[in-house]
1. Got a sec to turn the phi values of the stretch 22-37 into Karplus ³J(HN,Hα) couplings, 6.51 cos²θ - 1.76 cosθ + 1.60 with θ = phi - 60°, whole Hz, x for Gly and Pro?
2. Let me know the Rg and Dmax you get for the chain when you use only its Cα atoms, in Å.
3. Once you charge only the Cβ atoms, +1 for Lys and Arg and -1 for Asp and Glu, what is the size of the charge dipole of the stretch 60-121 about its Cα centre, to the nearest 20 debye?
4. Residue by residue through the stretch 65-82, what is 3J(HN,Hα) from phi via Karplus (6.51 cos²θ - 1.76 cosθ + 1.60, θ = phi - 60°)? Round to whole Hz and write x for glycine and proline.
5. Based on the mean of other Cβ atoms within 10 Å per residue, sort peptides 89-95, 47-53, 60-66, 115-121 so the most packed one is first.
6. Calculated FRET efficiency, residue 39 and residue 72, Cβ-Cβ r, R0 25 Å, to nearest 0.05?
7. What's the local net charge at residue 17, with K and R +1, D and E -1, over the other residues with C-beta under 13 Å away?
8. What is the set of long-range amide H partners of residue 85 at a cut-off below 5 Å, with H atoms built 1.01 Å from backbone N?
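Where a number appears in this text, it was derived from the coordinates with a stated rule and is not lab data. Since the model is a prediction, treat every value here as computed from it, not as a measurement. Positions of Cβ are generated from backbone atoms using ideal geometry, with glycine treated the same way; all protein chains shown enter the neighbour counts.
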Amino acid sequence: QVQLMESGGGLVQPGGSLRLSCAASGSIFSINRMGWYRQAPGKERELVAVGTSGGTTNYPDSVKGRFTISRDNAKNTVYLQMNSLKPEDTAVYYCYAEIRGGSSSGWYAYWGQGTQVTVSS
């Protein structure tokens, strides 16, 4: 059993910053990609940031230069530093991880429960 526990969402004014955290726990042998997606009301879930265990990162143009993903592999934790937040960043943010439970196990995708980020004055 694997769980992803997110924290750090909330209400922030435009131009402000927030830092999200997501810790993976349970039967974990190794983690490949960890990242963040978001879903605004009436819209599809979209990629925000993803990072591999080797340190490669990827961002869509909408957040590039404002958001930074980082990982602490020893703690199985991924972070999302969000700066210069805009009202259009308002959404539920979901943590994502590709995890193997054992050396002979396959890779499975896991999702967190989501954390609300609201950018409003």
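1. 9, 10, 9, 9, x, 7, 10, 9, 7, 10, 8, 7, 10, x, 10, 10
2. Over the chain's Cα set, Rg and Dmax evaluate to 14.2, 51 Å.
3. Roughly 140 debye, rounded to the nearest 20.
4. Listing the rounded values in order: x, 10, 10, 9, 9, 8, 9, 10, 5, 5, 9, 6, 10, 10, 10, 10, 8, 10 Hz.
5. Descending packing order for the listed peptides: 89-95, 47-53, 115-121, 60-66.
6. On the way: r = 25 Å, r/R0 = 1.02.
With R0 = 25 Å, the Cβ-Cβ based efficiency is 0.45.
7. Summing Lys and Arg as +1 and Asp and Glu as -1 gives +2.
8. Those qualifying (amide H under 5 Å, at least 5 residues apart or on another chain) are 15, 16.
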